[in-house]
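For reference, the structure is listed below as structure tokens.
The values are calculated or read from the model by the stated rules, or taken from the named source; none is laboratory data. Remember, it's a predicted structure, so these values are computed and weren't measured experimentally. Every residue, glycine as well, gets a Cβ built from its backbone with ideal geometry; the counts of neighbours run over all protein chains shown. Protein only, heavy atoms only, side chains kept; ligands, DNA and RNA dropped before computing areas. Shrake-Rupley method; radii C 1.70, N 1.55, O 1.52, S 1.80 Å.
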Amino acid sequence: MTLRFNAFDPSKARRAARLSTLSVLAFAGLLGTGLVLEACSADGGDTTSGKRVVLHTRVDLEPSAASSFTTATGWKVTLTKAALATGPFYYFDGPPPLVRRDEQRGFQYALRFLGIAVAHAHPGHYQAGNAMGEMLEPYSIDLLAGTADFPDGDGITGTFRSARFSFGTPPTGPAAGAVGGHAALTEGKAEKDGESTRYFRASAELADIAKSAAEGHVEGCEFHEVNVGADGLVTVLVNPSVWFNLVDFTLVEPGSEAAPTEFAAGTQPQIAFAQGLAQLSAYKFTYSAQ
Amino acid sequence: MFRPLILGVVFGPGAVACGSDDPTGSGGSGTVQFTTWGEEYIEDEIPADPGDYSGFVDGWSVTYDKFLVNIQGITVADASGKVGAAMQGSKLFDNTVPGVKSVIDFPGLEAKAWTHVSYQIAPVTAATELTASATQADKDLMLQGGYSLYVDATATKDAVTKHFAWGFAIGTEYKQCHSEQDGRDEEGLVVTNNSSLEAQLTTHGDHLYYDRLQSSPDPAIQTSLRFDALAAADANDDGEVTLQELDAKPLDVVHYDPSGLGAATHGAFVTSLARTVGHFRGEGECTIASL
């Protein structure tokens with residue numbers, strides 16, 4: 001008996017269903033592993049389930065973006081505000097989907113020349129694996145105001161490899177006023193030789209980010225691989241340069257410092273900014289024992 | 001409504017890992033025939049969208065002249081990791097040549113569930129075996145470029161044509177392949193006694209033109225096939241769209257979304273999509289990892 005499986009069906013419905021499966025599988029892994037963490041925590045033992053640990057949480061600005069940064073299109077951006085309304089963070093033992101591309105051609109040479117790291121990811125199934133830790137409290141931060149200690153989270157001992165960064169509205173916490181009811185709010189200026197300086201204000205709602213990242217959950221962020229064996233500190237480094245990498249500032253009116261130009265809804269700058277907020281390379285997690 | 005599928009996916013592997021016996025074991029053995037096929041999209045044409053999203057929504061059509069793919073490392077293992085069969089070496093195929101092509105047969109496989117099926121699309125080496133569909137010139141081209149995948153095609157819209165020949169020097173592993181069989185998701189494949197089962201490593205030629213790297217969580221946002229931005233990347237307007245030109249063109253974020261995966265240019269975007277052409281038994285999926 002020979003069975004053939006030439007299940008080709010060119011209809012969009014068939015292909016669309018398969019694409020949806022990608023997201024469902026990733027989502028399934030996250031939900032399922034959340035349950036694993038709960039079961040392990042209740043157990044409290046130190047077998048394969050691990051021991052419970054306290055994970056303090058700190059969020060900070062990526063140092064390379066502290067003063068200014070250069071986008072992929074060559075604009076030097078200096079921010080005066082970068083406020084975020086965040087939701088829970090989760091940590092997993094599955095590897096992140098990011099890969100580094102070996103070849104450097106054309107435009108990427110230019111990026112290297114500008115000092116911009118070129119990391120690429122590949123699509124596919126991000127399999128979060130087991131949930132190893134979490135910080136569940138909604139909070140907020142203005143990254144330009146300095147390091148912020150977020151509420152403590154908890155977890156279990158074991159290997160941490162990836163994380164979920166999430167946005168959450170309405171904002172709560174110390175920077176709730178600064179973020180102004182949005183999921184993210186930034187202000188600053190962009191400069192480029194031969195161009196007028198652009199003073200801008202860019203904001204995004206949770207719905208804008210959710211077009212790229214379900215419910216504002218940025219899945220598969222890098223958690224610098226570590227074997228967590230004790231209580232410690234999880235630090236989240238946020239890199240705003242990723243948010244602006246593909247913004248075309250030539251489409252933004254110059255504005256002024258006192259009256260910056262808002263990125264209008266539906267325009268290239270606002271879409272690029274919202275997509276940038278959903279980039280998993282904008283959020284890097286590390287752990288240090290305490 | 002996702003919950004039944006979610007629970008099935010999450011807890012299914014866990015149950016196997018706990019050491020339960022394979023309930024599908026039936027005794028005896030069978031043969032698995034691994035094949036590859038490029039579907040009509042690669043053999044014939046990817047059409048302009050007739051209105052049901054089955055083609056290019058911006059009016060282009062694409063016809064392939066070459067779709068070279070180098071397959072290696074097919075492995076069939078059970079849930080414990082025990083390998084039942086493995087392919088040595090690699091084989092080069094041109095999936096524009098019509099028909100389903102044999103990659104390798106694995107006779108005498110124990111009749112049971114082989115849940116861990118994987119394969120690779122990897123750069124050609126000097127030892128790569130030529131199949132009837134590919135030529136020595138094809139192999140030489142792949143070897144010189146270090147390519148695992150090479151496409152040579154023409155895109156047409158009204159009176160405009162754009163030719164492109166893109167070689168991808170990347171290696172991709174497709175692991176934990178699964179597919180829908182009889183209405184349910186099947187991990188790997190199930191061998192039954194005295195049977196001969198075809199497991200097709202299907203290549204999807206339309207993936208290179210998707211406008212997202214992953215499907216949108218918003219069901220109102222469709223993933224579509226597009227070529228306008230790729231055609232516009234032909235900076236010198238010589239009718240040839242090169243990967244270098246795509247690398248020089250920042251991603252058109254109004255029409256494309258890297259879905260959080262960070263492709264800054266159309267070259268990076270297409271290269272990311274090139275890792276997704278490998279499938280399993282038609283529409284089946286595998287976990288993708290770079291080599």
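Can you find even one residue in the stretch B:219-236 that is at the interface with chain A (Cβ under 8 Å from one of its Cβ atoms) and farther than 29 Å from A:E215 by Cβ? The answer is no, given that none of the residues of the stretch B:219-236 is at the interface with chain A (Cβ under 8 Å from one of its Cβ atoms) and farther than 29 Å from A:E215 by Cβ. Identify, from the list A:G266, A:G232, A:G276, A:G255, the residue that is farther than 20 Å from A:R58 by Cα and away from chain B (no Cβ under 14 Å). Going through A:G266, A:G232, A:G276, A:G255 in turn, just one is farther than 20 Å from A:R58 by Cα and away from chain B (no Cβ under 14 Å): A:G255.
Condition first: small (G, A, S) and open to solvent by less than 10 Å² (accessible area, probe 1.4 Å). Now tell me which residues in the stretch A:189-202 satisfy that. Passing the criteria: A:A190, A:A202.
Yes/no per residue for (1) open to solvent by less than 10 Å² (accessible area, probe 1.4 Å); (2) assigned to a strand (DSSP E or B); (3) closer than 25 Å to B:V270 by Cα:
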{"position": "B:A153", "(1), (2), (3)": "yes, yes, yes"}
{"position": "B:F164", "(1), (2), (3)": "yes, yes, yes"}
{"position": "B:Q176", "(1), (2), (3)": "no, yes, yes"}
{"position": "B:T192", "(1), (2), (3)": "no, no, no"}
{"position": "B:Q200", "(1), (2), (3)": "yes, yes, yes"}
{"position": "B:G205", "(1), (2), (3)": "yes, no, yes"}
{"position": "B:S215", "(1), (2), (3)": "no, no, yes"}
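Test B:S102 against the stated conditions and say whether it is touching a residue at least 12 places away in the same chain (Cβ under 8 Å) and open to solvent by 10 Å² or more (accessible area, probe 1.4 Å). Yes, satisfied. Of the residues making up the stretch A:257-290, those that are closer than 21 Å to A:S212 by Cβ and either open to solvent by 50 Å² or more (accessible area, probe 1.4 Å) or in a loop (DSSP other than H, G, I, E, B) (or both) are A:E262, A:F263, A:A264, A:A265, A:G266, A:T267, A:A278, A:Q279, A:K284.
Here's the yes/no breakdown for (1) surrounded by 22 or more Cβ atoms within 10 Å (Cβ to Cβ); (2) farther than 21 Å from A:S256 by Cα; (3) in contact with a strand residue (DSSP E or B) (Cβ under 9 Å, 6 or more places away or on another chain):
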{"position": "A:R52", "(1), (2), (3)": "no, yes, yes"}
{"position": "A:H56", "(1), (2), (3)": "no, yes, yes"}
{"position": "A:A66", "(1), (2), (3)": "no, yes, no"}
{"position": "A:T70", "(1), (2), (3)": "no, no, yes"}
{"position": "A:T80", "(1), (2), (3)": "no, no, yes"}
{"position": "A:A83", "(1), (2), (3)": "yes, no, yes"}
{"position": "A:T86", "(1), (2), (3)": "yes, yes, yes"}
{"position": "A:P96", "(1), (2), (3)": "yes, yes, yes"}
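For the stretch A:220-241, the criterion of being crowded, with 20+ Cβ neighbours inside 10 Å, in contact (Cβ under 8 Å) with a residue 60 or more places away in the chain, assigned to a helix (DSSP H, G or I) and under 17 Å from the mean Cα position of the chain (by Cα) is met by at least one residue. Candidates A:A204, A:A264, A:A213, A:A230: the one that is modelled with pLDDT under 95 and farther than 19 Å from A:K76 by Cα is A:A213. Restrict the check to the stretch B:22-31 and report whether at least one residue is modelled with pLDDT of 85 or more, assigned to a loop (DSSP other than H, G, I, E, B), surrounded by fewer than 20 Cβ atoms within 10 Å (Cβ to Cβ) and within 11 Å of chain A (Cβ to nearest Cβ). Within the stretch B:22-31 (the criterion being modelled with pLDDT of 85 or more, assigned to a loop (DSSP other than H, G, I, E, B), surrounded by fewer than 20 Cβ atoms within 10 Å (Cβ to Cβ) and within 11 Å of chain A (Cβ to nearest Cβ)), the answer is no, since none of the residues qualifies.
Restricting attention to the stretch B:277-291, does a residue exist that is surrounded by fewer than 23 Cβ atoms within 10 Å (Cβ to Cβ), under 21 Å from B:S61 (Cβ atoms), more than 7 Å from chain A (Cβ to nearest Cβ) and not acidic (D, E)? There is no residue in the stretch B:277-291 that is surrounded by fewer than 23 Cβ atoms within 10 Å (Cβ to Cβ), under 21 Å from B:S61 (Cβ atoms), more than 7 Å from chain A (Cβ to nearest Cβ) and not acidic (D, E). For first residues located in the stretch A:42-70 and on the phi > 0 side of the Ramachandran plot, partners that are at pLDDT below 95 and of a type in the set (A, V, I, L, M, F, W, C) and lie 6+ apart or on another chain with Cβ distances below 9 Å form the pairs A:G50/A:C40.
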